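Undergrad: Pasting a structure here, questions to come.
The values are calculated or read from the model by the stated rules, or taken from the named source; none is laboratory data. Nothing here was measured: the structure is a model prediction, and the numbers come from that model. Glycine also receives a Cβ, built like all others from the backbone with ideal geometry; neighbour counts cover every protein chain displayed. The protein model used for the area step is the full one, side chains on, heavy atoms only, and it has no ligands, DNA or RNA in it. Shrake-Rupley method; radii C 1.70, N 1.55, O 1.52, S 1.80 Å.
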Amino acid sequence: MGSSEDKGTFHYQSHFTRNKKSFTKDSALSQKKVETSLIGQFMYPKLGPGQLWEEVARIITENGGKIYTNHQVTGLLGEGECISGVQVVNKSTGETLEEKGEYFFSTMPVRDLVNAFKFDVPENVQNVANDLMYRDFITVGLLLDELKIKNETKTSTVNNIVPDNWIYIQERDVKLGRLQIFNNWSPYMVQDSEHVWIGLEYFCNEGDDLWNMSEQDFSDFAIAELAKIDIIDPKKVQDSVVIKVKKTYPAYFGSYHQFHLIREFTDSFENLFLIGRNGMHRYNNMDHSMLTAMAAVDNIIKGTTSKDNLWQINAEDDYHEEN
């Protein structure tokens with residue numbers, strides 16, 4: 001891994017399997033002639049996206065801010081047209097705290113946010129929130145000696161590993177949806193370049209058969225699936241980790257067609273800003289999610305009370321692929 005002085009960004013160029021589009025070879029970071037959703041080159045944190053949030057946490061704490069980890073917001077307190085504070089439970093001790101504030105940014109699932117209000121919520125808003133739908137997610141990280149699939153392209157890679165960053169799995173007889181090869185996002189994400197670090201992605205629903213598997217059973221299941229489609233040899237697996245994430249993907253069905261009722265309700269609180277993918281129940285990419293937060297801060301600085309500009313982010317046609 002890079003030293004603290006060495007931390008920065010890795011110049012990333014993407015490769016996709018079976019993509020009908022070809023990418024420009026222009027080395028400029030601004031690729032105005034490339035379809036926005038298919039930009040093939042950008043700056044990537046050397047140690048992965050989590051490095052961004054580690055840096056944010058450092059800046060906050062160095063400026064006197066406090067970050068409470070392993071705490072859950074269970075209540076929103078209000079006075080008139082403003083949120084006055086939040087109730088928070090320490091998940092380690094069970095202690096309930098009450099924190100006051102001037103501005104509140106919510107990235108929590110909208111369903112949970114609405115259910116956390118400690119004052120009257122219109123019945124139609126409550127009903128829409130409770131009927132919002134989500135897809136859940138399980139990822140399996142595997143540390144391998146090698147992959148069975150080989151680099152048969154003209155693209156040069158470290159140790160001649162297959163150059164793809166992610167591979168969408170099309171085989172109908174496996175549950176696996178997508179495979180990531182972390183070495184190719186940034187070589188600094190793998191401690192030993194002689195090994196391959198991959199992530200297997202499964203899309204599921206909380207409580208279904210996949211979700212209810214134990215971590216060991218799911219790891220064994222995932223390894224068997226990759227072996228079945230001839231991507232790995234199970235004997236080459238050195239280690240594994242399983243991570244389950246609830247409400248990863250906000251869905252555009254269920255009561256989503258009435259989401260405007262929730263937006264009208266939450267936007268009525270001048271100091272409450274819904275941001276990010278889950279916060280807005282919108283399938284935003286990371287860049288759009290970060291931009292909603294930046295726009296919200298700009299609104300506060302400028303004294304803008306309308307939230308319209310936040311909801312307009314990722315509404316442009318530029319960010320949607322052509323068929």
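Undergrad: Quick check, is residue 206 modelled with pLDDT of 95 or more and in a loop (DSSP other than H, G, I, E, B)?
TA: Values: modelled with pLDDT of 95 or more: yes; in a loop (DSSP other than H, G, I, E, B): yes.
When the stated conditions are applied, residue 206 passes them.
Undergrad: A follow-up question, please. When segment 58-103 is examined, which residues are found to be touching a strand residue (DSSP E or B) at 6+ places or on another chain (Cβ under 7 Å) and among the β-branched types (Val, Ile, Thr)?
TA: Once the filter is applied, which keeps residues that are touching a strand residue (DSSP E or B) at 6+ places or on another chain (Cβ under 7 Å) and among the β-branched types (Val, Ile, Thr), segment 58-103 yields 73, 74, 83, 86, 88, 89, 96.
Undergrad: Inspect segment 290-301 for any residue being under 20 Å from residue 110 (Cα atoms), at pLDDT below 95 and outside any loop (DSSP other than H, G, I, E, B) and give the result as yes or no.
TA: Scanning segment 290-301 turns up at least one residue that is under 20 Å from residue 110 (Cα atoms), at pLDDT below 95 and outside any loop (DSSP other than H, G, I, E, B).
Undergrad: What's the total number of residues in segment 124-172 that are surrounded by fewer than 19 Cβ atoms within 10 Å (Cβ to Cβ), hydroxyl-bearing (Ser, Thr, Tyr) and either in contact with a strand residue (DSSP E or B) (Cβ under 8 Å, 6 or more places away or on another chain) or in a helix (DSSP H, G or I) (or both)?
TA: 2
Undergrad: Which of the residues belonging to segment 196-211 are farther than 16 Å from residue 48 by Cβ and either hydrophobic (A, V, I, L, M, F, W, C) or crowded, with 17+ Cβ neighbours inside 10 Å (or both)?
TA: Here is the first cut: in segment 196-211, the residues farther than 16 Å from residue 48 by Cβ are 200, 202-211.
Within segment 196-211, 200, 202, 203, 204, 210, 211 meet the criteria.
Undergrad: I would also like to ask the following. Looking at segment 60-110, which of the residues that are in contact (Cβ under 8 Å) with a residue 24 or more places away in the chain and among the charged types (D, E, K, R) is least open to solvent (accessible area, probe 1.4 Å)?
TA: 81
Undergrad: Name every residue in segment 111-123 that is surrounded by fewer than 19 Cβ atoms within 10 Å (Cβ to Cβ) and either within 26 Å of the chain's Cα centre (by Cα) or free of Cβ contacts under 8 Å to residues at least 24 places away in the same chain (or both), in order of residue number.
TA: 112, 115, 116, 120, 123
Undergrad: Is it the case that residue 266 is in a helix (DSSP H, G or I), open to solvent by less than 70 Å² (accessible area, probe 1.4 Å) and either within 20 Å of residue 135 (Cα to Cα) or hydroxyl-bearing (Ser, Thr, Tyr) (or both)?
TA: Yes, satisfied.
Undergrad: Looking only at residues in segment 212-227 that are over 22 Å from the mean Cα position of the chain (by Cα) and surrounded by 13 or more Cβ atoms within 10 Å (Cβ to Cβ), which one is farthest from residue 241 (Cα to Cα)?
TA: 227
Undergrad: Given the options 193, 240, name the one that is of a type in the set (Gly, Ala, Ser) and not in a loop (DSSP other than H, G, I, E, B). Lay out the reasoning, then the answer.
TA: Numbers: 193 fails: not in a loop (DSSP other than H, G, I, E, B).
None of the others qualify; the one that does is 240.
Undergrad: Criterion first (in contact (Cβ under 8 Å) with a residue 24 or more places away in the chain and open to solvent by 30 Å² or more (accessible area, probe 1.4 Å)) does residue 239 satisfy it? Outline the logic, then answer.
TA: Values: in contact (Cβ under 8 Å) with a residue 24 or more places away in the chain: yes; open to solvent by 30 Å² or more (accessible area, probe 1.4 Å): yes.
Here the answer is yes, as residue 239 does meet what is asked.
Undergrad: Turning to a different aspect of this structure: Quick check on my filter: what residues within segment 249-263 are part of a helix (DSSP H, G or I) and in contact (Cβ under 8 Å) with a residue 60 or more places away in the chain?
TA: Across segment 249-263, the qualifying residues are 256, 258, 259, 261, 262.
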